[in-house]
Every structure is written in C-alpha cells, then in structure tokens.
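Notes follow once the structure below has been shown.
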Amino acid sequence: MNEQVKLSVFYPYPPEKVWLALTDCRILNAWMMKNDFEPRLGHKFKFESNSLPGITTIIHCEVLELTKPKRLTYTWQDNVTGEPSLVIWTLTSVEGGTQLQLKHQPRYATALIRNQNKALKNRSGLFLSQQPVANCDRQIPETSLFLLTARDELNSLLNPRDFKEQWDYRLNRKLPQALQQHIWKPVTKDSQ
C-alpha cells in the first residue's frame, strides 16, 4: 500500500455504540476479520483472513492510542507486503449519530525512523525497500534478493484502489450490518 486511504462514514448510532464495534473482538470478527483484539494500550493482536482458498492473510497490529470513544490508533503489518502502516479511527458525535473517519497511512515505521533520527549513519536497520540500490548486493544476503524480488512482484499486484475499495466495502456494507445485528437501536429524535 503506497497511498493513504481516507474514508468518512455516518452511522445513526451514538459514538459509544460505534466505538464498541471498533473495540469488541466479537463484533470486529463480524465486520472485519477474525481477531484477538483487546482495547488496551500496547496490546499486540492480529487480524486473520482466509478469503482465498489455501491462502491465509495475517495482519499484525499493536494498539498505540486509545481515547474512548473518540480515537483508536494501531499499527498494521500484513504478511503479503510486509510494509508497516498506521490505522487511525476518529469518532465525532454529530446530530443523529456518529461520523467515523478512517485514515490508513502507509510507511508508518519508515517515517518513525526518519523522524527519530534524520542523520542516520547506519542504514542497515532500515527496511529492505529503503536500502541504497548501489550497495544492495553488499547489504542484502544473496538469498534475500530472491525474497525481495518476490515481495516487490506481490506489491505490484496489490492495487491501492483495491485496498481502498476493501475498506469502503467494510465501512459501508459490513459495519452497518454488524451495528444492526450486535448493537442496540439507532439514534432517533425520540432517543436523544
């Protein structure tokens, strides 16, 4: 994933109910993927999907920010691209419900490294894709070149538009269904 995904969706439920859909592992399982999420800072968890026969996608995550019921942030690193990214959920109370914003930022870990120390002298700790091309044969073991090439080919197959469409489908189709099935009544003028 090379491009940032930004989506904003309205739900006719109060922020506390939408928050529950983002932080309860059973409800997450219904609209997102199988998971072992816990709403706890520093908790390392994973999403697991078997959407294609014989292929299991595992996404490793860690909770970085938890401000109930306003903001949830976690890392996201799948086993296909291996590129770390950041998922940020922001919930805003609006008339009649909640406006949920998703930001999925790519290259999260690389940005962290650059921000922590802009004058890095030892580049061996960077991700393989950040290695200087001229020194690639000296810095990456020969067996890793095959793995790097295979990963780059997989990355080229993953279209960022498809990634955005997956999020769009989850937020506009799957999450509303989960809210209806697992959460109580929508916000109405009588319930406010």
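The values are calculated or read from the model by the stated rules, or taken from the named source; none is laboratory data. Worth saying up front: this structure is predicted, and the values here are computed from it rather than measured. Neighbour counts run over all protein chains shown; Cβ positions are idealised from the backbone, glycine included.
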Handout entry: segment 37-96, subset over 25 Å from Val9 (Cβ atoms) and among the aliphatic types (A, V, I, L, M), residue modelled with the highest pLDDT
Key = Leu41
Handout entry: Residue pairs meeting the criteria (Cβ under 9 Å; at least 6 apart or on separate chains; first touching a residue at least 24 places away in the same chain (Cβ under 8 Å), in segment 1-21; second surrounded by fewer than 21 Cβ atoms within 10 Å (Cβ to Cβ) and among the acidic types (Asp, Glu))
Key = Met1/Asp78; Met1/Glu83; Asn2/Glu83; Val5/Asp168; Leu7/Asp168; Val9/Asp168
Practice task
Looking only at segment 21-28, decide whether some residue is touching a Phe, Trp or Tyr at 6+ places or on another chain (Cβ under 8 Å), small (Gly, Ala, Ser) and surrounded by 14 or more Cβ atoms within 10 Å (Cβ to Cβ).
Solution key: yes
